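Enquirer: I'd like to ask you about the structure that follows.
The values are calculated or read from the model by the stated rules, or taken from the named source; none is laboratory data. No experiment lies behind these values; they were computed from the predicted model shown. Positions of Cβ are backbone-derived with ideal geometry, glycine not excepted, and every protein chain shown enters the neighbour counts. The accessibility values were calculated without ligands, DNA or RNA, using every heavy atom of the protein model including side chains. Shrake-Rupley method; radii C 1.70, N 1.55, O 1.52, S 1.80 Å.
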Amino acid sequence: MIHQDFSKLSPDDRPNALLIANDAMAIGALKALSDLNIEVSRDVSVISFNDTSIAEYANPSLSSVHVETHEMGKKALQVLLEKIANPLTPIYLITLPTKLIYRDSSVN
């Protein structure tokens, strides 16, 4: 998708940054941008979500939003058990902290 979309755009019409749903997809985007001779960080920043171990070792290393997936799983189980025990429990919002880990794929 990136390969097709970016190849049709002049450098002035390209976005400054891409925010991609997860690290694996972002690494695919890094490859596509490299194939088009678009320099990540200089020409376009790339940021993803999850901050998995592959983000650090991508080339260039991938800026990523660190998500506490273990804590997310614990909270999901807690909500499920509450709902099983009391099906009339109202819906509520749970917010967990995240942190953007800056690496070479974005302008710091």
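Enquirer: Of Ala76, Ala55, which residue is part of a helix (DSSP H, G or I) and surrounded by 13 or more Cβ atoms within 10 Å (Cβ to Cβ)?
Expert: None of the others qualify; the one that does is Ala55.
Each row is one residue, and each column tells you yes or no for (1) surrounded by fewer than 14 Cβ atoms within 10 Å (Cβ to Cβ); (2) touching a residue at least 24 places away in the same chain (Cβ under 8 Å); (3) in contact with a His (Cβ under 9 Å, 6 or more places away or on another chain); (4) of a type in the set (A, V, I, L, M).
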| position | (1), (2), (3), (4) |
| --- | --- |
| Ser63 | no, yes, no, no |
| His66 | no, yes, no, no |
| Met72 | yes, yes, no, yes |
| Ile84 | yes, no, no, yes |
| Ile91 | yes, no, no, yes |
| Asp104 | no, yes, no, no |
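Enquirer: Within the range 79-89, count every residue that is not in a loop (DSSP other than H, G, I, E, B) and not aliphatic (A, V, I, L, M).
Expert: 2
Enquirer: Continuing with this model, one more query. Keeping to the range 18-58, report how many residues are within 13 Å of Phe6 (Cβ to Cβ) and among the hydrophobic types (A, V, I, L, M, F, W, C).
Expert: Of the residues in the range 18-58, 10 are within 13 Å of Phe6 (Cβ to Cβ) and among the hydrophobic types (A, V, I, L, M, F, W, C).
Enquirer: Kindly indicate whether any position in the range 90-98 is over 16 Å from Ile20 (Cβ atoms), out of contact with any Lys or Arg (no Cβ under 6 Å at 6 or more places or on another chain) and assigned to a helix (DSSP H, G or I).
Expert: no
Enquirer: Could you figure out which of (1) at positive phi; (2) within 16 Å of the chain's Cα centre (by Cα) isn't true of Asn37?
Expert: For Asn37, the exception is condition (2).
Enquirer: Then there is this: Return the residue satisfying two criteria in turn: it lies in the range 19-38 and is at pLDDT below 95 and assigned to a loop (DSSP other than H, G, I, E, B), and of such residues it is most open to solvent (accessible area, probe 1.4 Å).
Expert: Filtering the range 19-38 for residues that are at pLDDT below 95 and assigned to a loop (DSSP other than H, G, I, E, B), the one most open to solvent (accessible area, probe 1.4 Å) comes out as Asn37.
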